Every structure is written in structure tokens, then in C-alpha cells.
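Nothing in this text is a laboratory measurement; each read-out follows from the coordinates by a stated rule. Quick caveat, the model's predicted, so the values are computed rather than measured. Because the Cβ atoms are built from the backbone with ideal geometry, glycine has one as well, and the counts that use them run over all protein chains shown.
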Amino acid sequence: MSTEQQVQSSGDKKSDKRQQVARLGWRLASRNASDAMATLSSCVRKSGLEESLIQLIDIRVSQINGCGYCLDMHTKDARAIGETEQRIYLLSTWREAPLYTARERAALAWAEALTEVCKTRDVPDEVYNDAREHFSESELVDLSLAIVAINGYNRLNVGFRTVPGTYVPKNRKSV
């Protein structure tokens, strides 16, 4: 049976829930796609934006898009650079939690607006204006590129059902 046809039971006979099984390994299936995404990620890393901010954006966008693999990866990477458990746990309710800076809040609002643009067909002026208060023109473009990158990874990993829980972060120093 191919991975496209496999579905493994969660082990709970009373449960109808299923464990996710990968459809295909997109990185191996297309070296071109893998290289393109790696180049995009490299541009984001070299942008000068704080790594902690990029990790928060990656987590929040992955929450919105329901990407388990990316959530696993970026929560682990965030911890590896010193992000607190509390800020990670409360990220889906960042508007209510006093744990995020004004710059982080502007970035999170911008990330949500760009991620949801397929539903809203617009980014509100107030979200843009708030982002511009906290980010230079080049930073806002770089932030937007980071959002494009994680949305791309989310779509590849959700579409091909990349299995979460297997990611091991590289050793990183706190930023």
C-alpha cells in the first residue's frame, strides 16, 4: 500500500481519529522546490529581523493554517533560542495577553492579515499603519517575505501531510 493510501489508526478503538501519514516527501520529490524554499528562508534569515520575531510569526501563521509539522518545528526552534513557554502557549490569544511588545503585536496583526487575505481580499489600513509605525519600509517588506515563506511551507506540509513530531532543532544560542 502506498503512503498516499495508508491511514494508521490512533490505537484507540473507540476513537475515529486517525494518525497522519505523509502523502509524499516534497523535499525529496522536487529538489527544485526544496531549493527555492531554502533560498526564500535564507533571505528571511539574512533580513536583519529578530529571530525571535520570525519564530513568533512562524508559529502564529502555522496555527492559523493548521500546520502541525511547522508548529512542531517552530515551537521547538523558539524554545531553543530562549522563547518562554508562556509566550508560546498564549500566542493564539496574543491580543489578550500583555506579554508581547508593540512591535511584535504589529507584526502579528500584519501576519494574520496577509495570511487571511484570501478570505478578506484586503489588509485594513489600520493594520498597515500600525505595522509602519514599528517597521521601516524595508523591514516591512522583509516581514512580508517571512510571512510568504511560512505560508508556503504550511501549504506544502499540509498538502503533502508532512507528519509532525519528528523535528529536532539544531543547537542554537539565545538571541
- Item | Spin-label model distance (nm) - I64 vs R23, 7 Å beyond Cα toward Cβ | 2.2 nm
- the range 57-175 - charge dipole about Cα centre, Lys and Arg +1 at Cβ, Asp and Glu -1, debye rounded to 20: 580 debye
- Task: Could you list Y128, Y89 in order of exposure, starting from the residue whose Cβ has the fewest other Cβ atoms within 10 Å?
- Result: Y89, Y128
- Message: Can you compute 3J(HN,Hα) from phi for each residue in the range 22-33, using the Karplus curve 6.51 cos²θ - 1.76 cosθ + 1.60 with θ = phi - 60°, rounded to whole Hz and x for Gly and Pro?
- Response: 4, 6, 6, x, 4, 5, 7, 5, 9, 4, 4, 5
- Given the peptides 41-48, 110-117, arrange them by the average over their residues of other C-beta atoms within 10 Å, most packed first. 110-117, 41-48
- Nitroxide proxy distance, nm - points 7 Å out along Cα→Cβ at S138 and K170: 2.4 nm
- Query: In terms of the Cα gyration tensor, with a ≥ b ≥ c the square roots of its eigenvalues, is the range 19-60 rounded because a/c is under 1.5, prolate because a/b exceeds b/c, or oblate?
  - Reply: oblate
- So what are the radius of gyration and Dmax for the Cα set of the range 18-159, in Å? 15.1, 45
